[in-house]
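Asker: Take a look at this one; I'll ask things after.
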Amino acid sequence: MFENRTGGPGGLVSSRTQRRVRRVALYLTALIVTAFIVTPLYVMIIVSLQSPETLFSGGELTLFSTELSLSNFRTLVTETATPRYLLNSFIITAGVVLVSTVLAVVSGYGLARFSFRGKTTTARLILFSYMFSPIVLAIPLYIIFFNLGLLNSHLAAIFSISAIAAPFSIWLMWQYFQNIPVTYEESAWTSGATRWRTIRDVVLPLARPGYVSVAIFAFSVAWNDYTMVKIVLSEQALYPITLGSSLFLDQLNIGWGEQMAAAVVMSIPPFLVALFLQNYLLQGFNLGHE
Amino acid sequence: MGAVRERAPALVSGNSTRLLLLFALLPLGAFFTVLWFGPMFYTLVMSFFTDPLGSAQFTGFGNYLDVLTGDTFPFYLWNSVLFAVSTTVLSLVVGLGFSLVVNEQLRGRQGLRTLMIVPYLLPTVVVVFLWTLMLDQNLGLLNQALVEMGIISSPIAFFSTPGLAMPSVITASVWKWGSFAFFIILANLQAIPDAYYERAQVQGASPWQQFRDITFPNLRGAILLILLVRGIWMFNKFDIIWLTTRGGPINLTTTLPIRVYDLAIRSGAFGSATALSGIMFAILAVTGVLYFTVMEPEAEVKD
């Protein structure tokens, strides 16, 4: 089988050589991709940890240094609105996680457990809105919030980010409830539990991995969001860290050190999620896309 | 599925059940009405008026004609397609290559997997910070390396040089969103039974033959999904382009989302902005129909 197809004239490349080449190729790819991913991260951390004096000491960026300091982080706290931005980020993110998760659990349960006409259409609408353009949605939301006097409020930010986070959350929860056999609930009813108690004591505990995944997804959408808040918020005091720190790009008194320090601070919450909740996170990938 | 269907009648009988159904689906209906149907309907209505927020005057398809026949529309559409296709295809190549590596018996593969999550989770703003520094004209690592190797004589401002701005934005985007392809393909790779490969090895198939005849056919669905879904998302991307180039230089990275933002928020031309939104809506709807026809994602729904 293999003699007549591989390796040029007469199949000179033996299977063993092929395997060895493959091994080298594997490690080489691993090395290149790792370097591609790690280099920017390393630069971010090493730049954030040097004072301006050591950072530029040779006319170039100092990339290997033992004189590390937290001075950039200190500057961020004392001379910029970073603490305020972070607080806003936490408020907005908590709001989005709450709204999306509750909506996803309630609707997911309803969609999975009851038969009604138009279910396929509902599924398509949810999936279509999941693929839709945030900016196209943001423009009318901007006008509507303006007319309602809600523009420039955390509430506007929470609702508009939830608009883009909720469709996939609902879809995920719907799939999740479908996979929980209804027999658990039925045995609870037959032993006399009310519908509400069944939901509280049987359904919700079983659905826990599902809504943890949903909450993580909503968290990452909200923590990451720039587009929606950029449009519905214009008062700096309300900015989350993404929008607030993006102003640093144009501020001359904020150097690379402070910018990278802000980047590090912003990266800590998602990094902790990746570290401790990796499996929940990957479940989102697997449930939503197969 | 059969079990659920058989028991469904028992579930939908009774008043408390009907109440529960109402309670469960009312928020869903309210959510979509207020945050999706309302705004989209409003957009479509506005797109038929000139100056819809001021002295609104009905103009029929006037705004659409203006947008479609303007000199710039084909150019912005081309930029959008170029950005979406390049980032998606490159992400796929990186994701496929690397998931094949991580799927092997390699030392440290668990660490590599965790590492791949990081770029995907970092906020786009952080990714933009990192890449503006990496590609910075005065201090960027790439410029330093290229100058030292003698490839260029003086440092380049990547994000503001025509011809290099788009590739730079694409590179940063692949860095961030390549992991999406990686995780989906990895999950699908791990689902291929080992027995297939063992049988192929017994028959003397070379690694390349194994990839061509076993791995690739089993990944076809995942690859199609990535091309379609990731492609749509990249077509819609606003933040990374806006933050790195503002659509410049000379509009070379202005995609349709950037244009919508420019028209609406910067120029206040809501007539044209909503008409362009309407056009994007149509493009996405067509792609959506394609997605539903090819992938049938809603087939996972049980009645």
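The values are calculated or read from the model by the stated rules, or taken from the named source; none is laboratory data. Keep in mind that this is a model prediction, so the values were computed, not measured. Note that we place each Cβ from the backbone using ideal geometry, even for glycine, and neighbour counts take in every protein chain shown. Please note that ligands, DNA and RNA were not included when accessible areas were found on the heavy atoms of the full protein model with its side chains. Shrake-Rupley method; radii C 1.70, N 1.55, O 1.52, S 1.80 Å.
Asker: Over 20 Å from B:GLN203 (Cα atoms) and at pLDDT below 80 - does that describe any residue in the range A:32-42?
Answerer: no
Asker: So which residues in the range A:50-96 are among the small types (Gly, Ala, Ser), within 18 Å of the chain's Cα centre (by Cα) and surrounded by fewer than 18 Cβ atoms within 10 Å (Cβ to Cβ)?
Answerer: Selection gives A:ALA94 alone.
Asker: For residues in the range A:97-121 being without any contact (Cβ under 8 Å) to a residue 12 or more places away in the chain and open to solvent by less than 30 Å² (accessible area, probe 1.4 Å), which is farthest from A:LYS230 (Cα to Cα)? Give the steps one after another, and end with the answer.
Answerer: Residues of the range A:97-121 without any contact (Cβ under 8 Å) to a residue 12 or more places away in the chain: A:98, A:102, A:106, A:110, A:114-121.
Keeping just the survivors that are open to solvent by less than 30 Å² (accessible area, probe 1.4 Å) gives A:110, A:114, A:119.
Details: A:GLY110: 34, A:PHE114: 39, A:LYS119: 35 Å.
Only one residue tops the list, namely A:PHE114.
Asker: So the check is Cβ under 7 Å with 6+ separation or different chains; which pairs have a first residue in the range B:225-252 that's among the charged types (D, E, K, R) and a second one that's open to solvent by less than 20 Å² (accessible area, probe 1.4 Å) and in a loop (DSSP other than H, G, I, E, B)?
Answerer: Taking only residues 6 or more apart or on different chains, the pairs are B:ASP239/A:TYR226.
Asker: Considering only the range B:223-241, state which residues are within 8 Å of chain A (Cβ to nearest Cβ) and either open to solvent by less than 10 Å² (accessible area, probe 1.4 Å) or in a loop (DSSP other than H, G, I, E, B) (or both).
Answerer: Result: B:VAL229, B:ILE232, B:ASN236, B:PHE238.
Asker: OK, next. Just need a number here: residues in the range B:86-128 that are in contact (Cβ under 8 Å) with a residue 12 or more places away in the chain, more than 29 Å from B:THR287 (Cβ to Cβ) and open to solvent by 40 Å² or more (accessible area, probe 1.4 Å).
Answerer: Matching residues across the range B:86-128 total 2.
Asker: Out of everything in the range B:48-85 that is of a type in the set (S, T, N, Q) and open to solvent by 30 Å² or more (accessible area, probe 1.4 Å), what residue ends up being nearest to B:GLN190 (Cα to Cα)? It would help to see each step written out before you state the result.
Answerer: The first filter runs over the range B:48-85 and keeps only residues of a type in the set (S, T, N, Q), leaving B:50, B:55, B:57, B:59, B:63, B:69, B:72, B:79-80.
Next, from what is left, pick out any that are open to solvent by 30 Å² or more (accessible area, probe 1.4 Å): B:50, B:55, B:57, B:59, B:69, B:72.
Working: B:THR50: 55, B:SER55: 60, B:GLN57: 59, B:THR59: 56, B:THR69: 50, B:THR72: 46 Å.
Here the answer is B:THR72.
Asker: Could I ask something else about it? Could you run through the range A:50-60 and say how many residues are free of Cβ contacts under 8 Å to residues at least 40 places away in the same chain, part of a loop (DSSP other than H, G, I, E, B) and of a type outside the set (D, E, K, R)?
Answerer: Initially, the range A:50-60 is screened for residues free of Cβ contacts under 8 Å to residues at least 40 places away in the same chain, giving A:53-54, A:56-60.
Remaining after also requiring part of a loop (DSSP other than H, G, I, E, B): A:56-60.
From the residues that got through so far, the ones that are of a type outside the set (D, E, K, R) too are A:56-59.
Of the residues in that region, 4 qualify.
Asker: Inspect the range B:287-294 for any residue being more than 8 Å from chain A (Cβ to nearest Cβ), assigned to a loop (DSSP other than H, G, I, E, B), open to solvent by 20 Å² or more (accessible area, probe 1.4 Å) and of a type in the set (Ser, Thr, Tyr) and give the result as yes or no.
Answerer: So far as the range B:287-294 goes, no, none of its residues is more than 8 Å from chain A (Cβ to nearest Cβ), assigned to a loop (DSSP other than H, G, I, E, B), open to solvent by 20 Å² or more (accessible area, probe 1.4 Å) and of a type in the set (Ser, Thr, Tyr).
Asker: Looking only at the range A:194-223, which residues are without any contact (Cβ under 8 Å) to a residue 40 or more places away in the chain and open to solvent by 30 Å² or more (accessible area, probe 1.4 Å)?
Answerer: Hits for the range A:194-223 are A:THR194, A:ARG195, A:TRP196, A:ARG197, A:ARG200, A:ASP201, A:VAL202, A:PRO205, A:LEU206, A:ARG208.
Asker: Further question on the same structure: Which members of the range A:127-168 meet the condition of being more than 10 Å from chain B (Cβ to nearest Cβ), under 17 Å from A:VAL102 (Cα atoms) and of a type in the set (A, V, I, L, M)?
Answerer: A:LEU155, A:ILE158, A:ILE161, A:ALA165
Asker: Another question, if that's okay. Any idea how many residues of the range B:244-253 are open to solvent by 10 Å² or more (accessible area, probe 1.4 Å) and touching a helix residue (DSSP H, G or I) at 6+ places or on another chain (Cβ under 6 Å)?
Answerer: Kept after step one, since they are open to solvent by 10 Å² or more (accessible area, probe 1.4 Å), are these residues of the range B:244-253: B:244-246, B:248-252.
This time we only want the ones that are touching a helix residue (DSSP H, G or I) at 6+ places or on another chain (Cβ under 6 Å), so: B:244-245, B:249, B:252.
Summing the residues that are open to solvent by 10 Å² or more (accessible area, probe 1.4 Å) and touching a helix residue (DSSP H, G or I) at 6+ places or on another chain (Cβ under 6 Å) in the range B:244-253 gives 4.
Asker: In this structure, is A:LEU26 more than 14 Å from A:GLY257 (Cα to Cα) and within 27 Å of the chain's Cα centre (by Cα)?
Answerer: Details: more than 14 Å from A:GLY257 (Cα to Cα): yes; within 27 Å of the chain's Cα centre (by Cα): no.
Criteria not met by A:LEU26.
Results for (1) in a loop (DSSP other than H, G, I, E, B); (2) under 28 Å from the mean Cα position of the chain (by Cα); (3) farther than 20 Å from A:PRO134 by Cβ, shown as yes or no for each residue.
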| residue | (1), (2), (3) |
| --- | --- |
| B:TRP36 | no, yes, no |
| B:PRO39 | no, yes, no |
| B:LEU44 | no, yes, no |
| B:PRO52 | yes, no, yes |
| B:SER55 | yes, no, yes |
| B:GLY60 | yes, no, yes |
| B:LEU68 | no, yes, yes |
| B:TYR76 | no, yes, no |
| B:VAL81 | no, yes, no |
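Asker: Please list, ordered by first then second residue, the pairs with beta carbon atoms under 7 Å, 6 or more apart or interchain, first in the range B:180-207 and more than 18 Å from B:GLN110 (Cβ to Cβ), second open to solvent by 50 Å² or more (accessible area, probe 1.4 Å) and of a type outside the set (A, V, I, L, M, F, W, C).
Answerer: B:PHE180/B:TYR120; B:ASN188/B:ASN218; B:ILE192/B:ASN218; B:PRO207/A:ARG19; B:PRO207/A:ARG22
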